[in-house]
Amino acid sequence: MASSAVAARHLRAGFSLAARASSGASRLGRVPKRLSSTVSTASLETPLDVFTPRHIGPRDDETIQMLKTLGYNSLEDFVHDTTPAGIRVSDDNLTDSVIKPLTEAELDERIREIAGKNKVLRSFIGMGYWNAVVPKVILRNITENPAWYTSYTPYQPEIAQGRLESLLNFQTMVTDLTGLDVANASLLDEATAAGEAMIMCLAALPANNKKRTFLVDSGVFPQTVDVLYTRALGFGVKVVVADAQEAINDPAISDDLIGVLVQYPSQDGSIIDYSDLTNKVHGLHAQMICATDLLALTLIKAPGEWGADIALGSSARFGVPAGYGGPHAAFFAVKDKLKRKMPGRLVGVSKDTMGHPAFRLALQTREQHIKREKATSNICTSQVLLANMAAMYAVYHGPKGLKAIAERVQQLTQALAMAVSAKGYKVTNSTYFDTLTVEVSSAADVMAKALEKGINLRKVDETHVGITLDESARLHDITALASAFDGASVPQSIVGGESIPSSFLRTSPYLTHPTFNAYHSETALLRYIYYLQAKDLSLVHAMIPLGSCTMKLNPTSTMAPLTWPELGSLHPFVPEDQAKGYHEMIKELEDDLCAITGFKACSLQPNSGASGEYAGLMVIREYLLSIGQGHRTVCLIPVSAHGTNPASAIMAGMKVVSVKVLANGNLDLVDLREKADKYKDSLAAFMITYPSTYGVFEDTVTEACKIIHEAGAQVYLDGANLNAQVGITNPATCGGDVCHLNLHKTFAIPHGGGGPGVGPICVAEHLAPFLPGHSQVKTGGSKAMSAVSAAPYGSASILSISWAYIKMLGGSGLKTATSMALLNANYIAKRLEPHYYVKFKNGAGRVAHEVLIELAEFDKKAGLKVSDFAKRLQDYGFHPPTCSWPLSTCMLIEPTESEDLQEIDKFCDAMIQIRQEAEDIITGKQPKENNLLKNAPHPMSVISLSEEEWNKPYSRATAAYPLPYLKIRKFWPSVTRIDDAYGDLNLMCTCPSVEEMEAKF
Ligand SMILES: Cc1ncc(COP(=O)(O)O)c(C=O)c1O
């Protein structure tokens, strides 16, 4: 091969291990060659925008240096020592011929080609999806801004006050508009939120309750009903869909009732008075749940005002694109009596050590509902970025602006109703906000005429069509719509007419807090966004080494297409021929994920990791039923598992039995064998995370899977740690039957401050027929179970991020990324080892892609807790690693492949310096209570205290600038340490009024 061709191959392959091995380079020389060293011999066709070296942090010389530190001459030797031989896949398993790498420019061309295959028409289909108008100031400065989209769930509130304030705005907006007492900071989508509400109805009843009927009004969206059917299975709930106002009088229903769900306004558009129904429901000691629409609630009575106990829905029409189904933030609000049973994260106001108000996640000791065997929900990642967009939309428009938007929508709907009625068509709903159901002689004909005008309508049945208007609608849209009804003429203004009866009109105020009334100019909002942003540490500042969270680069070229109309504006239920581009991308992503996991089929529907766990276990359940093994319901789960694992098993109707782990962190095979034997007649599944949550590749994983299979059960592999596997091993080779992947970890979807996420499941051939279907769009296998998410492909628009990430790295780049993630983690372990106890390693002294360090000794010697180390790291400009999980006295550190040596060394230097600070406390040089760690973090408000107030036995400089790099680049926490107990005792989950501030702070 000519040298230029060799060079080109090297470049295209990124750091291909396979390519290096065949190049005959010296052992050390087999460390990847980069662009800089090969470009001079390259042909003019050689691309300069190869993605792999842009994605991977360490440069060639740094890689060599790290390998040397660990005592290796080649990456291959290092990987061999790190991963068990028995599970490694062959070198040709994931190569560039399996997934061909694209350069950034090639990716751009390819995604434009794919996006071009989607047809962007006007969709007035409704059903919980709208054409949102995203204010450009929000689009550019939040949605497209890495400072907002790369941050993590705000578990470290002192460096997350910005997004916590914004989430508090979201909660305030939701409680105000729904008229309820407490709202959470988002759930995954409207349908799963309804599922959560249904199970809350059960949880609200006494433990010995036997009632199981959940009544769903026939006006509820079909995709919600579909998810309710699925969710009901695991809890033995009976879902009855009927006209709720009539069915409530049927004793077969009322005697067994746990709750009722209505849609308000109903799916046909009607606004119905549910107060009588609510009284009856309450008389039966059941809960009244209302799925609703935030924009409608600016005009119509709030559900809390007519007695609803829970209100939920999608906040997407507040400035979040339809995105072919998502991601969107569901909202969820409850009466005060139910607040401690509410799933999801809740932001609350507390105070810091200086007595200043500060925000943090409230009631976290219950994190949350995820209480292993006692779980009622498994939600973890939610939809924070989208909730923040919706909250900012409300801040921008304010109560008057929102009302004006709602009135315009309502008036346009009324104009359309008048136009079609004048032509003799019957609008079957006499009350409405934005939706009309029109009786026609042929729905197909009307829809065809609308389509000629570039408009999609909803087919209700053969003789009815549905039309839902939204903020994007203009008079010319109404004229075009009317033309599908024999050219009905549209009035230019509305006089009189009552589509919302006066008894329904909202009279109560909402969004009265100053935050919703202060930022209505673009300048003001822009400054508010940046004021909040400046308080938050994200990947734009520093490494976020959160174990199990894989905070890697979210490449800009994968993010950019997200907001293109060809991807952003599609309604999830458009005819298939309008979404050809999406289908092509979805198929390619499914194929690539199957190649990576070694499995046969994939479902992209679950919209978080926990949702994937649930879907995977439900697929196992359906499979077992299909082979007459439905009595198998026991699920074995190691004690080291993430809390979502047992929670998902409970939701899938399984009984959780724990399996022990050994002192070295490995799974206790003796215990596993005993339990598998004990439960061999009832064993359904075994859930395992690999590498384990302790950060080790157990070489017994295949043996463990064999034990389970011999007992007639299925193996579920939690793929949260897939970043340690890609290209080196895979869940199928390890012995699994099904796995979920966190695309928001391994495959570069940003964490968004706590969502969105995507948790696809990949399954072996025998499970493929049961993959989840959908009521509106065909998805899943030949014997598909009902849906697990509202939209057919879950959070479809962000699938493009993972698709693009995989395409740009290609087979060899993916494998190299894994090797480098392992190398970075092992380098950290090596550097920290003289100072901290690295708890688990394999026989060769290697960790996997993360490092668990034990801090218990510091508590014993000087009362220093994990949180003291974590808060001090904030002073050094780092986001702390995962704290007190999976073991309460540990920190779990995961650097990922994207961090370079400089950043990793900086982090290690910080950790080592903190160790020295701890030593000073242990040896008595510093007092046990008033010291650098206990007082951390040190925000400006502390550093700027007067001489008299500065009562600390160390200098300001030591507090704020303990290492030289901080003098050049310093991130300041914005508050001192926050008092969690105070916040939980004085729960305040909406924006505090001036009076409340005065009373409490
Ligand atoms: C091991 C493990 N499993 C499952 C999950 C749940 O994933 P998600 O937060 O996307 O629901 C996590 C989340 O951090 C995890 O670390």
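Across the accessible surface of the chain, with the other protein chains kept in place and a 1.4 Å probe, carbon and sulfur atoms take up 52 percent.
Taking a ≥ b ≥ c as the square roots of the Cα gyration tensor eigenvalues, region 673-794 comes out oblate, since a/c reaches at least 1.5 and a/b does not exceed b/c.
Kirkwood-based Rg over Rh for region 725-823 (C-alpha set), two decimals? Rg divided by Rh gives 1.00.
Label reach from Lys861 (point 7 Å along Cα→C-beta): in region 904-929, amide nitrogens under 19 Å belong to 909-929.
For the residue pairs Lys580/Lys807; Lys865/Lys928; Lys745/Lys778; Lys839/Lys860, alpha carbon separations beyond 23 Å are given by Lys745/Lys778.
A Förster radius of 35 Å, combined with the Cβ-Cβ distance separating Asp77 from Thr923, puts the computed FRET efficiency at roughly 0.30.
Compute the acute angle (0 to 90°) between the alpha-carbon long axis of helix 609-626 and the principal axis of greatest extent of the alpha-carbon atoms of the chain; round to the nearest 10°. That helix lies at roughly 80 degrees to the long axis.
Based on every Cα atom in region 767-894, Rg and the maximum pairwise Cα distance Dmax equal 21.3, 61 Å. Between Leu48 and Met354, the contour length at 0.36 nm per residue exceeds the alpha carbon distance by 104.9 nm. In region 148-191, whose amide N lies under 15 Å from the spot 7 Å out along Cα-to-Cβ of Ala999? List them in ranges. No residue passes the distance filter. Pairs of Cα atoms in region 644-705 fall into 5 Å distance bins, from 0 up to the last occupied one, in shares of 4, 16, 28, 25, 19, 8, 1 percent. The magnitude of the dipole of region 810-915, with charges of +1 and -1 set on the Cβ of Lys/Arg and Asp/Glu and taken from the Cα centre, is near 340 debye. Modelled spin-label separation between His282 and Glu833, with each label point placed 7 Å from Cα along the Cα-to-Cβ direction: 6.6 nm.
Remark: the chain carries 33 Å² of accessible area per residue (probe radius 1.4 Å; ligands, DNA and RNA excluded).
Each peptide in 881-891, 81-91, 658-668 receives the mean, over its residues, of other Cβ atoms within 10 Å, and ordering these scores from highest gives 881-891, 658-668, 81-91. Both radii are taken from the alpha-carbon atoms of region 580-808; with Rh as the Kirkwood radius, Rg/Rh is 0.95. Spin-label model, Val639/Asp984: points 7 Å from Cα along the beta carbon direction are separated by 2.3 nm.
In region 145-192, the alpha-carbon atoms span a convex hull of 110 Å³ per residue. Across the chain, the longest piece that holds none of the GluC sites (Glu not before Pro) lying in DSSP loops with up to 14 other C-beta atoms within 10 Å covers 499-928. Panel note: the C-alpha atoms of region 551-668, placed on their principal axes, show extents of 50, 39, 24 Å (largest first). Here the scattering of region 819-934 is modelled by Debye summation over its C-alpha atoms, one equal scatterer each and no solvent; at q = 0.09 Å⁻¹ the log10 of I(q)/I(0) is -0.23. Note on the chain: Cα-only Rg and Dmax are 28.4, 90 Å. Taking the average, over residues, of other Cβ atoms within 10 Å as the packing measure, peptides 802-809, 536-543, 174-181 rank 802-809, 174-181, 536-543 from highest down. Between the beta carbons of Glu462 and Asp108, assuming R0 = 51 Å, the FRET efficiency works out to 0.70 to the nearest 0.05.
By the Stokes-Einstein formula, at 1.306 mPa s and 10 °C, region 480-530 with its Kirkwood radius over alpha-carbon pairs has D equal to 101 µm²/s.
Built from the Cα atoms of region 263-343, the convex hull projects on average onto 6.3 nm², one quarter of its surface area. Expressed to the nearest 5 percent, the antiparallel share of DSSP beta bridges inside the chain is 55 percent. This model, with +1 at the C-beta of Lys and Arg and -1 at the C-beta of Asp and Glu, gives region 628-740 a dipole about its Cα centre of some 280 debye.
Amide H contacts under 5 Å for His464: Val440, Ala443, restricted to partners 5 or more places along the chain or on a different chain, H placed in the peptide plane at 1.01 Å from N.
Using the Cβ-Cβ distance between His583 and Ala560 with R0 set to 22 Å, the FRET efficiency works out to roughly 0.55. What you get for the chain, charging only the Cβ of Lys and Arg (+1) and of Asp and Glu (-1), is a dipole of about 1080 debye around the Cα centre.
The stretch between Ala844 and Lys400 holds 153.3 nm of extra length on full extension. This uses 0.36 nm per residue minus the Cα-Cα distance.
Packing around the peptides 266-272, 624-630, taken as the average count of other Cβ atoms within 10 Å per residue, puts them in this order, highest first: 266-272, 624-630. For region 70-209, the square roots of the Cα gyration tensor eigenvalues, ordered a ≥ b ≥ c, give a/c of at least 1.5 with a/b greater than b/c, which places it in the prolate category.
The values are calculated or read from the model by the stated rules, or taken from the named source; none is laboratory data. Every value quoted in this text rests on a predicted model; they were computed, and no experiment measured them. So basically every Cβ, Gly included, is an ideal-geometry build from the backbone, and we count neighbours across all protein chains shown. Surface accessibility is based on the protein's heavy atoms, side chains included, excluding ligands, DNA and RNA. Shrake-Rupley method; radii C 1.70, N 1.55, O 1.52, S 1.80 Å.
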